[in-house]
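Written out below as structure tokens is the structure these notes cover.
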Amino acid sequence: MADKSGTGADRRKRFEDEALPHLDALYSMAIRLARNPDDANDLLQETVLRAYRFFHQFESGTNCRAWMLTILFNNFRNGYRKSTREQPASSADEFERKVEAESLRTDPAGSNPEALLAGQGMEGEVETALASLPDEFRQAVLLVDVEELSYQEVSGVLNVAIGTIKSRVSRGRAMLRERLTGFAKEQGIIRS
Amino acid sequence: MERSAREKVDCTTYIEKYLSAHVDGELSAGELRDAEEHIAGCVNCRVRFAEERAVKALLRERAAMLRTPPIVRGSILAALDAIDSADAGKGAARARDRSAGADRAGWLTMRRARIWVPAALAAVLVFAFVILHGGSGTTPAQAIPPFDVAIDNYKQFVDHFEPNIKSTAPADISDAYMEHELPGFVWNFQRVGYKLVGGRVDRLPDGTPVAYTFYRGDTGTILCTYMKSHGLQVPPRGELRQPDEPSGYGGGEHHYYQYKGYRVCLSYPRSGCICILVTVQPMQEFIQDIIDSEP
């Protein structure tokens, strides 16, 4: 049963105890979705504030990280409000125009991942390999392996059937394994 | 996934269908037995299992969690403080309102929905929910009330859909839905040629909130309905059809039906809620549209 009671101070304390510990996990995902630090910060801020607003709907004891990641992905897909640099979409038409403009502007996966993530402490073969995956495979693998969610939870976060999640994780890891083979052989993780 | 006692898992099947879930601990008891049995007798697959586990561990290690920059963290905390002070100010006003019986969810700001539900349907809703919820194992009711709600509204909306959420921006529609404890996910069918017309939040006869998102394209229309699940179990097959999942896994979380001449897709996007998609498009097209729109 969601906790609807409690004073403002209680809610803030509960939020700091249960939700804010996941801030880094959210930021890590935000940056991979938004692909630049400014947008990632906006996405993260909007997500945390929205989570705070609806925190009374969160059932204490269930997976708070999964709950907040659901909000993050919804925000990302719905078109989160970027900072005053840009006005939010005020209609479905405008939203569609923005999404289209955005997809033309954003680097396609793999075009220059190192430059994108350089200075974030994410250089390296693993990040390069990850960035080269199609979005839906990369997201599924990140949610399972880095964010440590169950397939059921990932299914809720992405609003996609469990069978699809299984398939995306399987194919995503297979692609990673292929791309990392050289690197892994060096490290002795995979035998030739 | 069902396997007969005699059928064993071969390598191709193990790698394509079991491996990842095996490493992630996501196999059912029966599937786990089959998987363990297979790798016990197969060196190659045992090696693949170890490699997959190593890739997983490598990701955990190297695709590290980033630290949120202190400035960003600070700005978030400041925004939370601002919300808290604003709420503290409103708190006194709200306490007065609560005792006067005003609606917590700001329902008063929404235009009253046209009362379209005849008394007879309302009775069916209550009666049939009891049947489905009771679950005694006897023949389920032919009518599935949530589906009836969805298709009755669909019929009306095809003629004319009047949003009662002012903005047609998905973010705002999502907010309105979440205010009423309904899922905040807004389907995007743009890729398959449907435009989002708008959203509505109404009340069902039992007082619970229901959300409608309507989409219109050149070739047809789709209605997405969100409501509380009231313990609705996945309706059984029989007259109802279910497509095979492409990967061969039985039962994902999208359930497709032919229902009273409409195509219906049922899913459970959020604890305690159901999503019902309705269209008159042919089933295969409908399934493909949903797959192509998946995020």
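The values are calculated or read from the model by the stated rules, or taken from the named source; none is laboratory data. No experiment lies behind these values; they were computed from the predicted model shown. Counting neighbours? That spans all protein chains shown, and the Cβs are built from the backbone with ideal geometry, glycine included.
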Residue set B:S271, B:S229, B:S267; condition more than 13 Å from every other protein chain (Cβ to nearest Cβ), at pLDDT below 90 and under 19 Å from B:H180 (Cβ atoms); output residue B:S229
When restricted to B:E181, B:E162, the only residue within 11 Å of another protein chain (Cβ to nearest Cβ) and acidic (D, E) is B:E181
- Message: Can you find a residue that is of a type in the set (V, I, T) and part of a loop (DSSP other than H, G, I, E, B) anywhere in the stretch B:189-205?
- Response: no
Requiring at least 2 residues that are modelled with pLDDT of 65 or more, outside the structural domain of A:A66 (by TED's automatic domain parsing) and among the β-branched types (V, I, T), the helices (runs of 4 or more DSSP H) wholly within the stretch A:88-189 are A:125-131, A:151-158, A:162-187
Considering the stretch A:45-63, residues that are in contact with a Ser or Thr (Cβ under 9 Å, 6 or more places away or on another chain) and farther than 22 Å from B:D87 by Cα, and then whichever is surrounded by the most Cβ atoms within 10 Å (Cβ to Cβ), we arrive at A:N63
In the set B:D81, B:D24, the lone residue that is more than 22 Å from A:Q152 (Cα to Cα), at pLDDT 90 or above and at the interface with chain A (Cβ under 10 Å from one of its Cβ atoms) is B:D81
If we keep only residues of the stretch A:3-57 that are among the basic types (K, R) and part of a helix (DSSP H, G or I), then the residue nearest to the other protein chains (Cβ to nearest Cβ) is A:R12
The residue from B:R203, B:R237, B:R191 that alone is farther than 30 Å from B:L27 by Cβ and at pLDDT below 90 is B:R191
Given (1) out of contact with any Cys (no Cβ under 9 Å at 6 or more places or on another chain); (2) under 19 Å from A:F54 (Cα atoms); (3) in a loop (DSSP other than H, G, I, E, B); (4) not aliphatic (A, V, I, L, M), B:P183 misses just (1)
Per the filter on the stretch A:148-174, residues crowded, with 21+ Cβ neighbours inside 10 Å and more than 8 Å from every other protein chain (Cβ to nearest Cβ) are A:L149, A:E153, A:V154, A:V157, A:I165, A:R168, A:G172
Query raised in the report: Does the stretch B:31-44 include one or more residues that are at pLDDT below 95, within 26 Å of A:Q139 (Cβ to Cβ) and at the interface with chain A (Cβ under 7 Å from one of its Cβ atoms)?
Result: no
Of the residues in the stretch B:280-291, those that are under 15 Å from B:V186 (Cα atoms) and in contact with a Lys or Arg (Cβ under 7 Å, 6 or more places away or on another chain) come to none
query: Does A:M29 qualify as being out of contact with any strand residue (DSSP E or B) (no Cβ under 9 Å at 6 or more places or on another chain), modelled with pLDDT under 90 and either at negative phi or not acidic (D, E) (or both)?
result: no
